[in-house]
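A.B. asks: I'd like to ask some things about the structure below.
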Amino acid sequence: MDKGMGATLDALQRLQAIESQLRSTREQIQTKHRNVEAHRRKINTLRRQAADAHLAMQRAQAEADKLELERKTQEAHIAKLREALNHSKTNKEYAAILTQLNTDKADALKSEDQVLAAMTKVDELKKAEADLKVQLEKEQACLAELEKAAHETEQRLANQLSALENQREEATEGIPAEALRMFERACEHHEGEALAMIEQPHPKRAEFICSGCYMSVPLESINSLQSRDAVLTCQNCSRIMYLESQALAV
């Protein structure tokens with residue numbers, strides 16, 4: 001039996017074609033804007049990282065300055081011990097001062113190592129901060145390009161989008177209210193793909209499936225679609241079903 005596509009299903013197929021174009025056009029615009037938003041989030045993350053790096057560098061610098069001050073205080077104390085050593089009056093006094101001098105000199109060497117390590121850390125953190133700033137500048141330039149591309153895409157597709165919206169509005173005229181509600185619900189649930197073709201996997205078997213979810217379609221649904229202007233939905237996925245162009249073996 002040949003397909004007997006009803007007027008309502010014909011109208012719904014035309015509406016589906018327009019809906020697909022409309023969503024595709026909107027998606028092109030939305031994709032550009034999503035790219036912009038994603039890049040803005042990336043830049044905000046880089047800004048936080050740069051701020052954290054700057055704070056860490058400041059703390060490391062403060063610690064290095066503190067250690068350097070302690071080292072200079074030790075040097076001044078060692079200088080006084082040397083002077084006292086030169087003016088010592090007894091062997092006992094000389095030996096005591098020399099012992100303290102050697103102890104302080106050993107401590108001073110440790111302080112020098114600590115200062116060196118602290119300054120090395122400061123340099124590393126400064127470099128990390130500088131690298132983040134360079135990366136931030138590059139990403140900001142990239143964001144400007146993405147914003148420009150998004151604006152240009154929106155401008156380029158504005159007329160097309162408006163025309164498709166008008167076409168969609170016109171295409172809904174004459175479609176029964178219930179059928180239109182069924183279409184809108186299916187669009188919402190299936191990202192705009194409201195219709196699904198019925199397929200017959202084996203030409204010699206009276207077995208049919210919904211191309212949207214690949215679940216079985218009852219024979220009575222096929223008969224209804226072939227004999228009258230019926231708007232039927234798949235019992236599994238709720239898409240509106242229609243017959244393929246060639247005859248189905250029932």
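FYI, it's all coordinate maths here, none of it is from the lab. Being a predicted model, the structure only gives us computed values, none of them experimental. Cβ coordinates were reconstructed from backbone atoms using ideal geometry, including for glycine residues, and neighbour counts include every protein chain displayed.
A.B. asks: Answer with one residue from GLN155, SER224, ALA144: the one whose Cα lies farthest towards the positive end of the charge dipole of the chain, charges on Cβ with Lys, Arg +1 and Asp, Glu -1.
C.D. replies: Result: ALA144, furthest along the dipole toward the positive end.
A.B. asks: Given N residues in the stretch 60-199, what is Rg(Cα) / (2.2 N^0.38 Å)? Write out the running numbers ahead of the final one.
C.D. replies: Numbers: Rg = 39.4 Å, N = 140, 2.2 N^0.38 = 14.4 Å.
It is 2.74.
A.B. asks: Does anyone have the angle between helix 177-189 and the longest principal axis of the chain? Alpha-carbon axes, 0 to 90°, nearest 10?
C.D. replies: 30
A.B. asks: Wrap a convex hull around the Cα atoms of the stretch 1-104, take a quarter of its surface area, and give that in square nanometres. Please report the intermediate quantities before stating the final value.
C.D. replies: Values: hull surface 57.7 nm².
With the hull built on Cα positions only, its mean projection is 14.4 nm².
A.B. asks: Relative to the longest principal axis of the chain, what angle (0 to 90°, nearest 10) does the C-alpha long axis of helix 91-172 take?
C.D. replies: Around 20 degrees separate the two axes.
A.B. asks: So if the hydrodynamic radius of the chain is defined as the Kirkwood radius over C-alpha pairs, what does Stokes-Einstein give as its diffusion coefficient at 10 °C and 1.306 mPa s, in µm² per second?
C.D. replies: On the way: Rh = 25.9 Å.
Rounded, D is 61 µm²/s.
A.B. asks: Here's something else I'd like to know. Report the full-extension gain for the segment GLU112 to ASP52: residue separation times 0.36 nm, less the Cα-Cα distance, to one decimal in nm.
C.D. replies: Details: separation 60, 0.36 × 60 = 21.60 nm, distance 2.77 nm.
Between GLU112 and ASP52, full extension yields an extra 18.8 nm.
A.B. asks: At a 10 angstrom cut-off on C-beta neighbours, averaged per residue, how do the peptides 186-195, 68-77 rank from highest to lowest? Walk me through the numbers on the way to the answer.
C.D. replies: Details: 186-195: 17.0, 68-77: 14.2.
The densest-packed peptide leads the list: 186-195, 68-77.
A.B. asks: When only C-alpha pairs under 8 Å and at least 6 residues apart count, what is the relative contact order of the chain, in percent?
C.D. replies: On the way: 261 pairs, mean separation 85.5, N = 250.
34 percent.
A.B. asks: While we're here: Using R₀ = 41 Å, calculate the FRET efficiency as 1/(1 + (r/R₀)^6) where r is the Cβ-Cβ separation of THR73 and ARG41; round to 0.05. Each step should come with its number before you reach the end.
C.D. replies: Values: r = 48 Å, r/R0 = 1.18.
Using R0 = 41 Å, I get an efficiency of 0.25.
A.B. asks: What percent do you get for the relative contact order of the stretch 178-243 when only Cα pairs under 8 Å and 6+ apart count?
C.D. replies: On the way: 97 pairs, mean separation 21.0, N = 66.
For the stretch 178-243, the relative contact order is 32 percent.
A.B. asks: By a straight-distance test (C-alpha under 29 Å), which lysines pair with LYS126 as possible cross-link partners, with residues fewer than eight away in the same chain excluded?
C.D. replies: Here the lysines satisfying the reach criterion relative to LYS126 are LYS42, LYS66, LYS72, LYS110, LYS138.
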